[in-house]
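Below you'll find the structure, written out as structure tokens, and then a few comments.
The values are calculated or read from the model by the stated rules, or taken from the named source; none is laboratory data. Just so it is clear, the model here is predicted, and its values are computed rather than measured. Just the protein is used for accessible areas: all its heavy atoms, side chains included, with ligands, DNA and RNA removed. Shrake-Rupley method; radii C 1.70, N 1.55, O 1.52, S 1.80 Å.
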Amino acid sequence: ETFIEREPGESANDRNDRAIRVAVKWYSQHLKTSESGPDGLKVVLLTNDQGNKQKAEENGLVVYKFEEYVKNLIANPELVDRLALSNDDKNDITSSKVLFPEHLPLSKVQAGIKNGSFLQGTFRASRDNYLEATVFVQGEGEDSTEVLIQGLQNLNRAVHQDVVAVQLLPKNQWVAPSAVVLQDDGAAKDDNVDGDEEEKLSRSLTEAARKATGKVVGIIKRNWRPFCGMLNASQIKESTRHLFTPADRCIPRIRIETRQASTLAGQRIMVAIDGWPKDSRYPNGHFVRSLGSAGEKDTEEEVLLLEHDVPHQAFSQAVLSFLPKMPWIITPEDMAQRQDLRHLTVCSVDPPGCTDIDDALHCRMLENGNLEVGVHIADVSHFIRPGNALDKEAANRGTTVYLCGKRIDMVPELLSSNLCSLRSNVERFAFSCIWEMNHKAEILKTRFTKSVINSKASLTYAEAQMRIDDANKNDDITKSLRGLNKLAKILKRKRIENGALTLSSLEVRFHMDSETHDPIDLQTKELM
């Protein structure tokens, strides 16, 4: 009953609109005539298309624009803030005065890039000066260039990380990067863009300091995401227009419309950009959601994770479905494919409190007087098959992220802290590399194998150091540690002699208050 043919001369879009109107009409009739249908239920058509709305009204349908409909939902006034700005609204926010040059259409931009009059690159706003940016132009091989952009009109509404087209200015207009720190604290008015603001850039006129300078002529790809930050409520009473200041200083301030400014004051919120017309000093956007009160640990953690694009939602059911069923046991089929190394005195050495132990070691004397050394890595690939949902999620996360009192796992905890953690006194799958070495740490033989190990001790650095130093201790674990330490020192010395570079930054640990879970002390990791 709702199928319709496209009429001669009717566009696909018009046919689709007509199909929607027919479906609405059919559904209204259907609800009226069905026995069990609820009484007085109305079918409402929402459309922002003026022509479609007019025809629907002529057909006697109940029809609203989104905005009209949402503004009539009296019980939920905050929903209005979530509406993206439609083109009609964008016009009444801005001044009639054109502040920025028009962006060129994509066809002209592509032609310009092809004939070399424009360059394509990634726009990188300066954190320290809102009137300055660089565009990073990827060249062939090593050959990449940076183009300096100065002044709001030359920046021309590009936002950090957008892909843009730039045109180089004549050499006599090239400038040097500015040495001034400028934060945009301008009033929220759409006044002139050039004038007084540009005066603030100190011009360095020495030839040597000048860099290739250009202007943005078009946007190839916007890289907008929802931004975290704070609302600067307007000083004007009853005003619904406010400026939002992002936490990331590379992002310009965004103008939003909201009726809940008083509620949002002092909260961290998320805002999305809808557009940046050429007659508006700031981009226009809308409120997405509140993250909580500024200064609260959970809120600020959420801001950190969102701003650095760290995936931190809970693992989905699809991902969890690929985890092994508990209780997990090693089957005879597993043993047939692996070497049994459970008899070896394997141990691990990690920072205190480490639950994801990914490697363990052993060292023992052989009858011929040489040393056997093994490095055993948790065999994660046994549990994660290539290309499944668990593999894809872990690849997307890329790493485990440590915050001050918690961590965001790359793989679910069952693997990271249990089945793929080489804890002591439990059997675990590993991938082992085993060398035969002489006492000068020269490798005589190497072999690799999938294995089953049973670690005899999970030690902290301090515990391992105490065992090595305690002359009264001569058990297998301690002898293994002493052998490893002796070889490690020789290997390290050789590496340094060969010109190895030591690039270790300090690792820190937070001490947490056991009741409030707030950090109370900070300690750097001591090298034993």
Worksheet item: For the Cα atoms of the chain, what angle does the longest principal axis make with the long axis of helix 476-497, in degrees from 0 to 90, nearest 10?
Response: 70
Response to the item:
Cα-based Rg/(2.2 N^0.38 Å) for the range 364-477, rounded to two decimals, is 1.34
Response to the item:
Compactness check, the chain: C-alpha Rg relative to the 2.2 N^0.38 Å globular estimate gives 1.36
Response to the item:
Rg from C-alpha atoms of the range 355-409, normalised by the globular rule of thumb 2.2 N^0.38 Å, equals 1.71
Practice prompt. Show R397, R364, R15 ordered by accessible area, largest first, where the area counts protein heavy atoms only and the probe is 1.4 Å.
Written response: R364, R15, R397
Item to complete: Calculate, axis by axis, the spread of Cα positions in the range 108-153 along the three principal axes, and write the results as whole Å, longest axis first.
Response: 33, 28, 11
Worksheet item: Near K25, which lysines are there with a Cα under 18 Å away, not counting those fewer than 8 places off in the same chain?
Response: K42, K53, K55, K65
Response to the item:
Mean accessible area per residue over the chain (1.4 angstrom probe, all protein chains present, square angstrom) is 58
Fill in: Computed over the range 286-441, Cα set: Rg, Dmax in Å
20.2, 75
Discussion item. Within the range 233-292, what whole-number % of the accessible surface is contributed by carbon and sulfur, with the 1.4 Å probe and all protein chains included in the calculation?
Written reply: 47
Worksheet item: Helix 12-33 versus the longest principal axis of the chain: what angle, 0 to 90°, nearest 10, using Cα atoms?
Response: 90
Worksheet, complete the sentence: Once all protein chains are kept in place, L231 shows an accessible area at probe 1.4 Å, nearest 10 Å², of 20
Practice prompt. For the range 244-312, state what percent of all Cα-Cα pairs lands in each successive 5 Å bin, counting from 0 Å until the bin that includes the largest distance.
Written response: 3, 16, 24, 25, 18, 9, 3, 1
Practice prompt. Can you give me the three principal axis dimensions of the range 478-528 from its C-alpha atoms, in Å, biggest first?
Written response: 48, 30, 10
